[in-house]
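Values quoted throughout were computed directly from the atomic coordinates according to the rules given, and no laboratory measurement underlies them. Predicted, not measured: the structure shown is a model, and the values here were computed from it. Reconstructed Cβ throughout: ideal geometry from the backbone, glycine too, with neighbour counts over all protein chains shown.
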Amino acid sequence: MKKMIIGLVLVLVILFSGCVTMSYDAKVNSSGGIEEYNMTMDTNSYVYSALNSQMLEEDGESLRDGVISNGGEYKEVWDGDKVEVQVSGLTSENASVEKDKDYIVYRDQIGTLGDYDENEEDEEDLFGMNEAMDSAIQIHYYLEMPNEIIDSNADYIEGNKAEWHMLNSTSIRDVYAKCETPSLLPGMGLLNCVIIFLIMAFIVKKKF
């Protein structure tokens, strides 16, 4: 769903001279699961209408219907000619998590979304479309990992959070972040203390 949406948007912004900003919010839990994955698209009514028309032609349903039929949540916020489309509750086909006893690695292969025109690059250059496309789309990506991030290709990292700000099409790249697998020892230690306290209280009570 995500790849199809952005792929269509990339074509539409060229054809209709629109501007699109995509924002992603993802959260990985300590079990190695993707706990949250939300997408927001900001654009104008012209690109929005063209996107819906294209999806109706390709899939027979609008963007809203496509999201809802796949079990997701869909919301639109309009402000004059501008629209913010919010999508949540869907599983990303490109995002994945690898987890072992030592590390948790998160990847989202959005970099391939910038390769849609690879086979037509020379032809598009003749019309100067690459230059127009370069600033037509922006992607902002926010990720929260279950532990401090120790390796990533993010633009900004603070603790267990990372941000990617891809301000032109040529900077679109795969999202990557790595953290150590959270240890269960602190929690187990607390549990053990509670159990020991209860046992000792029981023993003391029996003595008296």
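With each label modelled as a point 7 angstrom along the Cα→C-beta vector, the Gln109-Asp151 pair spans 2.0 nm. Remark: spin-label model distance Ser96-Glu58 equals 2.2 nm, labels positioned 7 Å along the Cα→Cβ axis. Taking amide hydrogens as placed 1.01 Å from N in the peptide plane, the amide H of Asn160 sits under 5 Å from those of Ile149, each at least 5 positions away in sequence or on another chain. Using 0.36 nm per residue and subtracting the Cα-Cα separation, the extra length available between Asn29 and Glu76 on full extension is 14.1 nm. Close amide H partners of Tyr103, meaning residues 5 or more places away or on another chain with modelled amide H under 5 Å apart, are Thr181.
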